[in-house]
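Peer 1: Before we start, here is the structure in question, set down as structure tokens.
Read the figures in this text as sums done on the coordinates, not as results from a lab. What you are looking at is a predicted structure, and each value in this text was computed from that prediction instead of being measured. For neighbour counting, all protein chains shown are included, and Cβ atoms are generated from backbone atoms with ideal geometry for every residue, glycine included.
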Amino acid sequence: MNIRGSLSALTLSLLFATGSDAQYPMLDKLADKVIQKYQQATCDQLMAKKGQPKSPQEQEAIQLLRNDPERRAAFLNRVAAPIANKMFDCGMIP
């Protein structure tokens with residue numbers, strides 16, 4: 001399962017898309033995809049990905065989220081709880 005590669009491409013397309021909505025429908029789709037990937041990944045797969053260097057696309061997407069606080073907040077509000085729960089279940093966080 002290549003979580004990083006598929007998420008990187010989707011993240012970049014999301015972040016370059018423009019929208020004047022108060023909500024970000026593309027961002028919601030990305031968040032759903034990220035949540036699904038975490039829920040479907042085994043703990044071993046998540047542990048293997050932890051600490052690996054990020055791809056250039058992921059680094060760019062992270063930078064774009066850092067530069068857009070509204071989109072970053074919307075994204076994190078959607079993914080934080082499901083990801084934190086999975087990480088807790090896997091013993092990756094206390």
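Peer 1: Cα-Cα over 19 Å: which of LYS49/LYS86; LYS29/LYS50; LYS50/LYS86?
Peer 2: LYS29/LYS50
Peer 1: Follow-up question, since we're still on this one. Can you pull the one-decimal nm distance between simple spin-label points at GLN36 and GLN52, each 7 Å off the Cα toward Cβ?
Peer 2: Result for the modelled spin labels: 2.0 nm.
Peer 1: In Å and on Cα atoms, what radius of gyration and Dmax does the range 48-94 show?
Peer 2: 12.6, 31
Peer 1: A follow-up question, please. Apply the Karplus parameterisation 6.51 cos²θ - 1.76 cosθ + 1.60, with θ equal to phi minus 60°, to every residue of the range 39-48 and state each ³J(HN,Hα) to the nearest whole Hz, in sequence, with x for glycine and proline.
Peer 2: Per residue, the Karplus-derived 3J(HN,Hα) values read 5, 8, 6, 7, 4, 4, 5, 5, 5, 5 Hz.
Peer 1: Got a sec? How would ASP44, ASP32 order by Cβ neighbour count within 10 Å, fewest to most?
Peer 2: Starting with the residue having the fewest Cβ neighbours, the order is ASP44, ASP32.
Peer 1: Taking R0 as 35 Å, what's the FRET efficiency between GLU70 and ASP44 from their Cβ-Cβ distance, rounded to 0.05?
Peer 2: It comes out at approximately 0.50.
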